[in-house]
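Quick notes on the structure that follows.
The values are calculated or read from the model by the stated rules, or taken from the named source; none is laboratory data. Keep in mind the model is a prediction, meaning the values are calculated, not measured. No Cβ is skipped: glycine too gets one built from the backbone with ideal geometry, and neighbour counts run over all protein chains shown.
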Amino acid sequence: AQSVTQLDSHVSVSEGTPVLLRCNYSSSYSPSLFWYVQHPNKGLQLLLKYTSAATLVKGINGFEAEFKKSETSFHLTKPSAHMSDAAEYFCVVSGSPGGGNKLTFGTGTQLKVEL
Amino acid sequence: KAGVTQTPRYLIKTRGQQVTLSCSPISGHRSVSWYQQTPGQGLQFLFEYFSETQRNKGNFPGRFSGRQFSNSRSEMNVSTLELGDSALYLCASSFSGGYNEQFFGPGTRLTVL
């Protein structure tokens, strides 16, 4: 079975300060991990993905995440927050015993960016 | 390349009715997955279709069903609608599966009265 736990339901930062959104995962096999972002009334957009290549993954809009197997973590970071980053972020693990696509989503972290 | 499209974008139905939602994947993508998003349960996997065959299924009752056509377009059907079926239904497509990332459509907002 697979699961992800997003440790914070809400994170608030000031514009220009670093962002850290925390995610721990559990997987019975080697996982594929993703971060998706959802802006209000919009669909989900892929930020980045980890698929067992480099442990530090760079994504769009300056976001990156580091896969740490020993800690079963996949935290999302950005050096400097922008107002346009305000959205809901989902940590996601992919896979199923029979193969194919099945995404298991975390409960989401709402990021608020203040002036 | 056009993205994933879903129709209709908004739908209002009453309890007991049935509804069909449509999803057109990105050209060349053969896998289509469906997800339900609600404030209480978050994002939950419904099912995945690949080459017209259901490849994975989530934990939803049999009232939820789907199919995929030879051009990879997919439909999902919900029969005997309940108030709790009110949700945003998201469709996602990918080239094949596994490590391939999924690209999401804008969703269909279903309201059951």
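Could you please give the count of residues in the stretch B:71-113 that are within 11 Å of chain A (Cβ to nearest Cβ), free of Cβ contacts under 8 Å to residues at least 40 places away in the same chain and farther than 18 Å from residue A:34 by Cβ?
The total comes to 0.
Counting only residues that are touching a Ser or Thr at 6+ places or on another chain (Cβ under 8 Å) and surrounded by fewer than 14 Cβ atoms within 10 Å (Cβ to Cβ), which one in the stretch B:52-66 is farthest from residue B:93 (Cα to Cα)? Steps first, answer last, please.
Kept after step one, since they are touching a Ser or Thr at 6+ places or on another chain (Cβ under 8 Å), are these residues of the stretch B:52-66: B:52, B:55-56, B:63, B:65-66.
Then drop every residue that is not surrounded by fewer than 14 Cβ atoms within 10 Å (Cβ to Cβ), which leaves B:52, B:63.
Working: B:52: 13, B:63: 23 Å.
Restricting to residues being touching a Ser or Thr at 6+ places or on another chain (Cβ under 8 Å) and surrounded by fewer than 14 Cβ atoms within 10 Å (Cβ to Cβ), the top hit is B:63.
Give me the residue from the stretch A:39-58 that is touching a Lys or Arg at 6+ places or on another chain (Cβ under 8 Å) and within 14 Å of chain B (Cβ to nearest Cβ) and, out of that set, surrounded by the fewest Cβ atoms within 10 Å (Cβ to Cβ). Break it down stepwise before answering.
Residues of the stretch A:39-58 touching a Lys or Arg at 6+ places or on another chain (Cβ under 8 Å): A:48, A:55, A:57.
Imposing the further condition that a residue be within 14 Å of chain B (Cβ to nearest Cβ) reduces the set to A:48, A:57.
Working: A:48: 19, A:57: 21.
If we take residues in the stretch A:39-58 being touching a Lys or Arg at 6+ places or on another chain (Cβ under 8 Å) and within 14 Å of chain B (Cβ to nearest Cβ), then A:48 is surrounded by the fewest Cβ atoms within 10 Å (Cβ to Cβ).
Name the single residue that is nearest to residue A:41 (Cα to Cα) among those in the stretch B:8-31 being in contact with a Pro (Cβ under 9 Å, 6 or more places away or on another chain) and at pLDDT 95 or above. Please lay out each step first, then the result.
Kept after step one, since they are in contact with a Pro (Cβ under 9 Å, 6 or more places away or on another chain), are these residues of the stretch B:8-31: B:9, B:21-22, B:31.
After this cut, where a residue has to be at pLDDT 95 or above as well, the list is B:9, B:21-22.
Numbers: B:9: 11, B:21: 18, B:22: 19 Å.
The selected residue is B:9.
Go through B:60, B:47 for me and flag whichever is in a loop (DSSP other than H, G, I, E, B) and under 22 Å from residue A:104 (Cα atoms).
Numbers: B:47 fails: in a loop (DSSP other than H, G, I, E, B).
Result: B:60 is the single residue among B:60, B:47 that is in a loop (DSSP other than H, G, I, E, B) and under 22 Å from residue A:104 (Cα atoms).
Every residue in the stretch A:35-59 that is part of a loop (DSSP other than H, G, I, E, B), in contact with a strand residue (DSSP E or B) (Cβ under 7 Å, 6 or more places away or on another chain) and either over 18 Å from residue A:25 (Cβ atoms) or not hydroxyl-bearing (Ser, Thr, Tyr) (or both), please. First the steps, then the outcome.
Initially, the stretch A:35-59 is screened for residues part of a loop (DSSP other than H, G, I, E, B), giving A:39-43, A:51-55, A:59.
Imposing the further condition that a residue be in contact with a strand residue (DSSP E or B) (Cβ under 7 Å, 6 or more places away or on another chain) reduces the set to A:39, A:43, A:51, A:55, A:59.
Across the stretch A:35-59, the qualifying residues are A:39, A:43, A:59.
Give the number of residues within the stretch B:1-34 that are hydrophobic (A, V, I, L, M, F, W, C) and within 21 Å of residue B:55 (Cα to Cα). Show your work before the answer.
So the first thing to find is which residues in the stretch B:1-34 are hydrophobic (A, V, I, L, M, F, W, C), and the list is B:2, B:4, B:11-12, B:19, B:21, B:23, B:26, B:32, B:34.
After this cut, where a residue has to be within 21 Å of residue B:55 (Cα to Cα) as well, the list is B:4, B:21, B:23, B:26, B:32, B:34.
Residues flagged as hydrophobic (A, V, I, L, M, F, W, C) and within 21 Å of residue B:55 (Cα to Cα) within the stretch B:1-34 amount to 6.
Mind checking which residues of the stretch B:13-43 are within 16 Å of residue B:66 (Cβ to Cβ) and in a strand (DSSP E or B)?
Applying the first criterion (within 16 Å of residue B:66 (Cβ to Cβ)) to the stretch B:13-43 yields B:18-25, B:29-36.
Once the filter is applied, which keeps residues that are within 16 Å of residue B:66 (Cβ to Cβ) and in a strand (DSSP E or B), the stretch B:13-43 yields B:19, B:20, B:21, B:22, B:23, B:24, B:31, B:32, B:33, B:34, B:35, B:36.
Going through the stretch A:1-10 one residue at a time, which ones are crowded, with 18+ Cβ neighbours inside 10 Å and β-branched (Val, Ile, Thr)?
The answer is A:4, and nothing else.
Just to be sure, is residue A:4 over 15 Å from residue B:101 (Cβ atoms), touching a strand residue (DSSP E or B) at 6+ places or on another chain (Cβ under 6 Å), more than 12 Å from chain B (Cβ to nearest Cβ) and part of a strand (DSSP E or B)? Spell out the reasoning first.
Values: over 15 Å from residue B:101 (Cβ atoms): yes; touching a strand residue (DSSP E or B) at 6+ places or on another chain (Cβ under 6 Å): yes; more than 12 Å from chain B (Cβ to nearest Cβ): no; part of a strand (DSSP E or B): yes.
Spelling it out, it is not the case that residue A:4 is over 15 Å from residue B:101 (Cβ atoms), touching a strand residue (DSSP E or B) at 6+ places or on another chain (Cβ under 6 Å), more than 12 Å from chain B (Cβ to nearest Cβ) and part of a strand (DSSP E or B).
Among the residues of the stretch A:14-27, are any out of contact with any strand residue (DSSP E or B) (no Cβ under 9 Å at 6 or more places or on another chain), over 21 Å from residue B:91 (Cβ atoms), without any contact (Cβ under 8 Å) to a residue 24 or more places away in the chain and small (Gly, Ala, Ser)?
no
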